[in-house]
Amino acid sequence: MAEMQEYWRWTEYDWHSPEIEWRRGKRIAAGIDVGSVSSQALVLVDGQIFAFSNLRTGSNSPDSAHKAINGALKDTGMELSNIKYTVGTGYGRVNVPFANRAITEIACHARGANFMAGPKIRTVLDMGGQDCKAIHCDERGKVSNFLMNDKCAAGTGRGMEVMADLLSIPIKDIGDLSYQVDQEPQPVSSTCVVFAKSERVSLLLGRIGVEDQFFITGGIAKNPGVVKRLEKELGIQAVKSKYDSQIAGALGAALFADTLLQKGA
Amino acid sequence: MIANYGYKDGSGEFFISIDTDKCDSCADCVPACPAKVLEMATDEYDPLSEKTVATVREEERKKIKYTCAPCKPASGRGVLPCMAACAPGAIAHSW
């Protein structure tokens, strides 16, 4: 029997810098973002990105946190005990057993976006596995206003996975495939994920207000169909970054950990 | 910052907004609310600050339309007790 193809499955991976000599580093800080769908771990050495991983969240948050950090530390020679301070964030943030502190993902995404896309970013959209947040922040990445839509899961990462399976289309192709539809389809309450997302988000942003520089974090930022429709609806382009949008939360958490270390934590 | 707690659904927008810069940590709003919606906590959106501010309790955030309803009769609505108790005027309701 042919093996069933898992259309929803996206690529898990890890990365570490070949240049940074972590043993010479003074501050080793980590951020762990345990989301509803994916988990990331990121390690900073003296404020520089040293290693990270991006994995699927399992049914058990502490397990997922361990897997994520082990993935990031793979082949680096660094061990968990070398990390001086760890901040947990995301849906499962209270279940990161080795974290020194838990910080809400809203604060972490704003801080991460500030690092990834620069201090001019004022509006951050975190489009994640099961909810969507519109965040307004200042030039230091500090949150000044936010709104969250966590009542409706239409158009979230999880919804996108379900849709990929239903349509038997690999998840990475869903966004591009949506271009084949010339006209926007009739509203189908909120059950059509690809289109529902952009509609939802523009409603959220209507309350927050969008300023010139806006940036999208979270897994949905990798779906060009959603991003293009949002840009069209808002009339402005999202700022692009060389970093993976999915690591923003873990990066922000690690940046907070690094700041807390500098403050003598 | 302005922290918006609540949601928007088919029947309207239901948000309690707390201006954490205006909030002076006095906690007078906490006993003023007959439904015990508010509590004091460190500002979870500004992790580097130690200040405690009024927040809407987590379990109330998805049902405040109903929890706040007794204070919002269709006619003869006065000043809401939470807003009346807040001297710096940090609390606002969207509906």
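Sum -39500 (n - 2.57) across every DSSP H segment of at least 4 residues in chain A, then divide by the residue count to get the 222 nm mean residue ellipticity, nearest 500.
Dividing the helical sum by the residues of chain A leaves -9500 deg cm²/dmol.
Report for the protein assembly as shown the percent antiparallel among DSSP-assigned beta bridges with both residues inside it, nearest 5.
Antiparallel bridges make up about 75 percent of those DSSP assigns within the protein assembly as shown.
Enter the angle in degrees (range 0 to 90, nearest 10) between the Cα long axis of helix A:193-208 and the first principal axis of the Cα atoms of chain A, meaning the one along which they spread out most.
70 degrees
Using label points projected 7 Å from each Cα along Cα→Cβ, tell me how many nm separate B:Met83 and A:Ala265, to one decimal.
A separation of 3.7 nm, rounded to one decimal place.
I'd like to compare B:10-19, A:128-137, A:113-122: which one has the highest average count of other Cβ atoms within 10 Å, and what's the full order after that?
Most protected by this proxy first, the peptides run A:128-137, A:113-122, B:10-19.
Just which residues of region B:60-83 lose 40 Å² or more accessible area with every protein chain there, against their chain alone, with the probe set to 1.4 Å?
B:Lys62
Determine the order of A:Lys142, A:Lys84 by accessible area, beginning with the largest, at a probe radius of 1.4 Å.
From most exposed to least exposed: A:Lys84, A:Lys142.
Could you work out how far helix A:248-262 tilts from the main Cα principal axis of chain A, as a 0 to 90 degree angle to the nearest 10?
Orientation of helix A:248-262: about 30 degrees from the principal axis.
I'd like the orientation of helix A:61-73 relative to chain A: the angle between its Cα long axis and the longest Cα principal axis, in ° from 0 to 90, rounded to 10.
70 degrees
What does the accessible area per residue of region B:2-93 come to in Å², with a 1.4 Å probe and no ligands, DNA or RNA counted?
50 Å²
Just need log10 I(q)/I(0) for the protein assembly as shown at q = 0.07, 0.10, 0.12 Å⁻¹, Debye formula, equal scatterers on the alpha-carbon atoms, no solvent, rounded to two decimals.
Here the Debye-derived log intensity ratios amount to -0.32, -0.65, -0.92.
Identify the chymotrypsin sites (Phe, Trp or Tyr not before Pro) of region A:1-98 meeting these criteria: DSSP loop state and at most 15 other C-beta atoms within 10 Å of the C-beta.
Taking region A:1-98 and a limit of 15 other Cβ atoms within 10 Å, the loop chymotrypsin sites (Phe, Trp or Tyr not before Pro) found are A:Phe98.
Inside 10 Å of the C-beta atoms of B:45-53, what's the mean count of C-beta atoms belonging to other chains?
For this peptide, the per-residue mean of nearby foreign Cβ atoms is 5.
Enter the buried accessible area of the A/B pair, total of both sides, probe 1.4 Å, in Å² rounded to the nearest 100.
Interface between A and B: roughly 1700 Å².
Give the average, rounded to an integer, of partner chain Cβ atoms located within 10 angstrom of each Cβ in B:3-10.
4
Rank-order A:169-177, B:50-58, A:244-252, A:232-240 by packing density, defined as the average count of other C-beta atoms within 10 Å over each peptide's residues, highest first.
In decreasing order of mean packing, A:169-177, B:50-58, A:244-252, A:232-240 become A:244-252, B:50-58, A:169-177, A:232-240.
Please give the solvent-accessible surface of B:Val79 in Å², to the nearest 10, using a probe radius of 1.4 Å with every protein chain present.
In the full protein context, B:Val79 sits at about 120 Å².
Relative to the present Cα-Cα distance, how much length would full extension add between A:Val181 and A:Glu6 at 0.36 nm per residue of separation?
60.6 nm
Under 15 Å from the Cα of A:Lys240, which aspartates and glutamates turn up, not counting those fewer than eight places away in the same chain?
Cα-Cα hits under 15 Å: A:Asp126, A:Asp212, A:Glu231.
Please report, as a whole percent, how much of the solvent-accessible surface of the protein assembly as shown comes from carbon and sulfur atoms (probe radius 1.4 Å).
Roughly 51 percent, rounded to a whole number.
Counting Lys and Arg as +1 and Asp and Glu as -1, each charge on the Cβ, what is the dipole of the protein assembly as shown about the Cα centre in debye, to the nearest 20?
Rounded to the nearest 20 debye, it is 460 debye.
Would you mind checking the pairs A:Lys74/A:Lys222; A:Lys142/B:Lys51; B:Lys36/B:Lys72; A:Lys232/B:Lys8; A:Lys133/B:Lys36 and listing those with alpha carbons more than 20 angstrom apart?
Cα-Cα > 20 Å for A:Lys74/A:Lys222; A:Lys232/B:Lys8; A:Lys133/B:Lys36; rest within.
The values are calculated or read from the model by the stated rules, or taken from the named source; none is laboratory data. Bear in mind the structure is a predicted one, so any value in this text is a computation, not a measurement. Virtual Cβ from ideal backbone geometry, glycine too; neighbours counted across all protein chains shown. Areas reflect the complete protein model, heavy atoms only, side chains present, ligands, DNA and RNA absent. Shrake-Rupley method; radii C 1.70, N 1.55, O 1.52, S 1.80 Å.
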